[in-house]
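Notes for the one structure printed next.
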There are 2 protein chains.
Amino acid sequence: MDDVDKKILVRLQQDGRITNLELSRLIHLSPAATLERVRKLEQTGIIRGYMAKLDPDALQLGLLVFVQVTLDRTSPGIFDDFSKAIKSIPQISECHMVAGGFDYLIKARVRDMNAYRNFLGKTLTRLPGIRQTHTYTVMEEVKSNNELPL
Amino acid sequence: MDDVDKKILVRLQQDGRITNLELSRLIHLSPAATLERVRKLEQTGIIRGYMAKLDPDALQLGLLVFVQVTLDRTSPGIFDDFSKAIKSIPQISECHMVAGGFDYLIKARVRDMNAYRNFLGKTLTRLPGIRQTHTYTVMEEVKSNNELPL
DNA sequence: GAGGTTACTGAATTTAATTCGTTCATCATA
DNA sequence: TATGATGAACGAATTAAATTCAGTAACCTC
């Protein structure tokens, strides 16, 4: 991981579909050498993959919510059960176990408030071990690049 | 936006660098027609772009934190000032204005707890209009695909 | 049912990715 | 200081993919 690799990562983070040819020009290296570096970054797992960034509004997913979840600390398997259950719920794009006043922070996208009420009642509150939830609806996405600072 | 477009979006979300040829095979369409659809999705903004997904740990950004921010509601320009200031801070990957007990929810990545303490003191608490912050450090990323449910 | 629009196909062409033989620099070791 | 191994780079040749385009079918609209 030298400076050249870093330049590659910066570019690929900004444009995951840049051609190898253009990338090689930007970092002042031959196409063959550039490709070799990119492949190595992929194989070592530094580059985990590539994805298209889609517009949530265009796809009828205009409402973004964060949900704080507190679990029942009764049985020892509660956290595992909850984690497993989370993974198969498509609306949930992120779920983090956090230290602090609650247990999990969930990021989810739904069509509108109506859809969320339904999602909360039919899906979230029926998850194993849930004691309490707290919802914060997003009014404005001030920043949302999902890029790492390199 | 028909079912074929939807299939395209599903595939491109999973693998933003799939070749047009393979994509066309997966959706049972000719390469030319497939390309035309992808271009249209890009032009209409449904596809906003493409990005490489990088491994935070490999890049020395092992600590993920969420910060709840409450602003001083004194002057009317406070929210704009804050929003503008946020955008240039590389550690902040997301910032959302939320309805509820606080004003903004920030997602940030730093090297470790030491780096976070520094970030909080030197950067966050010096932003315009901040009254209070509340930090939640992530212990485990249970789910993190950043994909939209299609 | 004529005219216009849209989306598709398949072939031809352009462009990019990939492979490979070679060179150069670095570095540890005899 | 030679020697040989290693890693990274280049450039040319090859393979594969993207792109363009002419022609056709389906579908509206009037």
Take B:VAL67 and decide whether it is β-branched (Val, Ile, Thr), touching a His at 6+ places or on another chain (Cβ under 6 Å) and part of a strand (DSSP E or B). no
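Return yes or no: is A:LEU26 over 18 Å from B:MET51 (Cβ atoms), within 15 Å of DNA strand C (Cβ to nearest atom), of a type in the set (A, V, I, L, M, F, W, C) and more than 10 Å from chain B (Cβ to nearest Cβ)?
Here the answer is no, as A:LEU26 does not meet what is asked.
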Across segment B:126-150, the tally of residues that are outside any loop (DSSP other than H, G, I, E, B), without any contact (Cβ under 8 Å) to a residue 12 or more places away in the chain and within 7 Å of chain A (Cβ to nearest Cβ) stands at 5
For segment B:27-51, pairs from a residue that is basic (Lys, Arg) to a residue that is within 7 Å of DNA strand C (Cβ to nearest atom), with Cβ under 9 Å and 6 or more apart or across chains, are B:ARG37/B:VAL4; B:ARG37/B:LEU29
List every residue pair whose Cβ atoms lie under 6 Å apart, where the two residues are 6 or more positions apart in sequence or sit on different chains, the first residue falls within segment B:106-119 and is at pLDDT 95 or above, and the second residue, located anywhere, is among the charged types (D, E, K, R). B:LYS107/B:GLU94
Would you pick out the residues in segment B:46-85 that are of a type in the set (Ser, Thr, Tyr) and buried (at least 19 other Cβ atoms within 10 Å of the Cβ)? B:TYR50
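Tell me whether segment B:67-87 contains one or more residues that are on the phi > 0 side of the Ramachandran plot and away from DNA strand C (no atom under 16 Å from the Cβ).
no
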All-but-one check, B:ASP81 against (1) more than 8 Å from chain A (Cβ to nearest Cβ); (2) of a type in the set (D, E, K, R); (3) under 29 Å from A:LEU150 (Cβ atoms); (4) within 16 Å of DNA strand D (Cβ to nearest atom), failing number (4)
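Restricting to segment A:94-125, name every residue that is among the aromatic types (Phe, Trp, Tyr) and assigned to a helix (DSSP H, G or I).
A:TYR116, A:PHE119
Can you report the number of residues in segment A:116-150 which are of a type in the set (Gly, Ala, Ser) and in contact with a strand residue (DSSP E or B) (Cβ under 6 Å, 6 or more places away or on another chain)?
2
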Using the structure shown, decide if A:LEU35 is more than 7 Å from every other protein chain (Cβ to nearest Cβ) and over 24 Å from A:ILE18 (Cα atoms). no
Taking B:ARG17 as the residue in question, decide whether it is facing chain A (nearest Cβ under 9 Å), within 11 Å of DNA strand D (Cβ to nearest atom) and at pLDDT 95 or above. yes
With respect to A:GLU42, is the statement that it is within 12 Å of DNA strand C (Cβ to nearest atom) and more than 13 Å from every other protein chain (Cβ to nearest Cβ) true? no
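The values are calculated or read from the model by the stated rules, or taken from the named source; none is laboratory data. Quick caveat: nothing in here was measured; it's all calculated off a predicted structure. Quick reminder, even Gly has a Cβ in these numbers, built from the backbone with ideal geometry, and neighbours come from all protein chains shown.
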